[in-house]
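Working notes, structure below.
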Amino acid sequence: MLTAAVRDLHLCHPGEFVTDVRTPHKHIWKYNPYLTSLNEADSNVESIDCHYPLIHHSNQRPVHFISGFTAFLNERLGTHIESTAFKGDVHLSEKERCRRSLVYKLLGEDRPYWIIASGGKYDFTNKWWDSDRYQEVVNHFQGKIFFVQIGRGDHHHPPLTGVLNLVGRTNLRQLIRLVHHSEGIVCPVTLLMHLAAAVPAKQGNPEARPCVVIAGGREPVQWEAYPNHQFIHTIGALPCCLTGGCWKSRVLPLGDGDEKDRPEHLCTNVVGKLPKCMDMITSDEVVRRIDLYFNGGVCGTRGNAAPKVNSVACIPEWTELYKDYKLNQANALSISLEVIRNIPTYSGGYAGKGIIICGGGIEYFTNAWVCINMLRRLRSRLPIQLWHLGPSEVDGAMRRMVEKLDVECVDAIKISEQYPCRILSGWELKAYSILYSPFEEILLLDADNVPLAFPECLFEWTEYRKTGAVFWPDYHHLKQRSEIWAICGAPFRRGPQFETGQILVNKAKCWRALHLALWYNAFSDFYYQYIHGDKDTFHMAFLKLNQRYAMPSRRIESLDGTMCQHDFFGNRIFQHRNTDKWCFETDNKCVSGFLFEDECRSFVHLLRKEWSGNIDSS
């Protein structure tokens, strides 16, 4: 809403003001033409704490949220700002407009889609609608409209089936680009509704983006509704919202100490778990409102949607098996057999090919930076995710640096709030990231790995396509007398251990083995006593379930501090600097025989120029 006020300030008073903003949501303002970088300490700069007190009159006056900040600035500055457009003012760069959608990156082809948000924040549960009804809407349009589910991972967003689930997997700028490419939106009263109006439409899509809002009776229609939206409300139908919105916050107290738990903020007309104003809205009504856009001709003919896709978030029930078993040599096998029996069947929802790198903190971020730059030097266009463990490992500055290379940072700690893992620290993150990434086919690389081959080609290998997995050999073999064979109940098979500085895997083909590997890692405090880290968890899981995999025959070529791995023709394709990692603070020694060493050193030098080496975890 503030973007609208700044736009209208400059359009109504051209040349009179120079403006800048301070906000925790800077992505909203990217490419905004009305901003000029200002120094708050400058004596000529005035700082204004912006508010919208007009909201307190929203039940009595015909005013929209779009005028909230404008009215405040008019009073504060003595201006005469008027609204010039009935929407916020979010801008995209030319590169963003030309870029393929995130859906294309995940599915490998462009598909028309609608975005759906089926939950909300815990501080305003009065805005929630029944997730089963959202599911009924999705089911009704199966094969006609392809839905992409979004939302923050730390908010309430029950996973839907038959959708592409991106909950917790987009940052704000990615969400804006996702909205730009979308044909329509279904949501409660929330940020997404305002983005539906504010974000420019992709060329060829309706200029005024369709949006169906499930609003109920909490907020007055005139304050929230946009002219082209289907704003489904119940104002005037209930005594509690007879002449305007009730503005209540919650259905039941949450016991979190928030003032929204106070009786005056709780809904007094509840049906089941919903406010009656939301319960009165049926899934049939939402379907009818969506149909209006098609029947009226704003949206084109349906039927070009994606085939049936199940939710990415299809694992939570299984994670209940992470309860704190006290594993020992006597019970580990019987418990793991129960786990294996309960591994869910693969139901889809993952799509496309992608690269995962696990690496945070100064040391591993430095190495990941080299790896990422090398991948882009090889002209790989695959989406890359950099997984890390919390803000102490990757901060905003680090995120912005890799975003320029089209890399998404994923905080596994946030993901684990929705999909828990008993232990999630170092090596365990590799198995976790493979299962919880949105990709179906994955090349996982250790941060200290330097790829030498165009990674897209790896997915076309005959050996990979036959088996669904490629692992590379380590120096040593698991010993036949090792206790791990009996603990896992796996048959002894002679051969090299896995070296998991790189893994190529298809989740659809290796689903059960990947789940079992994650379970072994979730109990790393027990299993790691008998094996060496994550690499042997994959090895034992694939052997236990008799899951096929391929392995190049050429053994490791050793350089100083570096393991070189090869393709099936014996060509070097990875240089894993496992004991001589790239260092941010000191000079890196020369390694005889290391390919592209000068290029890698230049990437480290570039990092030192662009980054202080400090991590702000506040």
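Read-outs: derived from the displayed coordinates by stated rules, not from any lab. The model shown is predicted, which means the values in this text are computed figures rather than measured ones. Counting neighbours? That spans all protein chains shown, and the Cβs are built from the backbone with ideal geometry, glycine included.
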With -39,500 (n - 2.57) per DSSP H segment of 4 or more residues and division by the full residue count of the chain, the 222 nm estimate, nearest 500 deg cm²/dmol, is -8500 deg cm²/dmol
Positive-end extreme of charge dipole, segment 2-77 - chosen from Ile48, Gly15, Ser67 (charges on Cβ): Ser67
Could you list the GluC sites (Glu not before Pro) in segment 73-153 that lie in coil according to DSSP, counting only those with at most 16 other Cβ atoms within 10 Å of their Cβ? Glu82, Glu109
D_trans [Stokes-Einstein, Kirkwood Rh over alpha-carbon pairs] for segment 2-77, 37 °C, 0.692 mPa s, µm² s⁻¹: 240
If you line up the Cα atoms of the chain on their principal axes, what length do they span on each, largest first, in Å? 80, 57, 50
Compute the helix-to-body angle for 507-522: its Cα long axis versus the longest principal axis of the chain, expressed 0 to 90° and rounded to tens. 80
Quick numbers on segment 318-610, Rg and Dmax over C-alpha atoms in Å, give 18.6, 55
Taking Cα atoms only, helix 2-12 is inclined relative to the longest principal axis of the chain by an angle, in degrees rounded to 10, of 50
Fewest to most Cβ atoms within 10 Å: Cys299, Cys583, Cys371, Cys240 sort as Cys583, Cys240, Cys299, Cys371
Report, in debye and to the nearest 20, how large the dipole of the chain comes out about its Cα centre when Lys and Arg carry +1 and Asp and Glu carry -1 on their Cβ. 1800
Along Cα→Cβ, 7 Å out, is where each label goes; now give me the distance between the ones at Thr243 and Arg377 in nm to one decimal. 7.1
If you filter segment 172-267 for GluC sites (Glu not before Pro), then keep DSSP loop positions with at most 11 other Cβ within 10 Å, what is left? Glu207
Return the loop-located GluC sites (Glu not before Pro) in segment 524-618 (DSSP other than H, G, I, E, B) with at most 15 other Cβ atoms within 10 Å of their own Cβ; answer none if there are none. Glu585
Calculate how steeply helix 283-295 sits against the longest principal axis of the alpha-carbon atoms of the chain, using the helix alpha-carbon long axis, and give the answer as 0 to 90 degrees to the nearest 10. 80
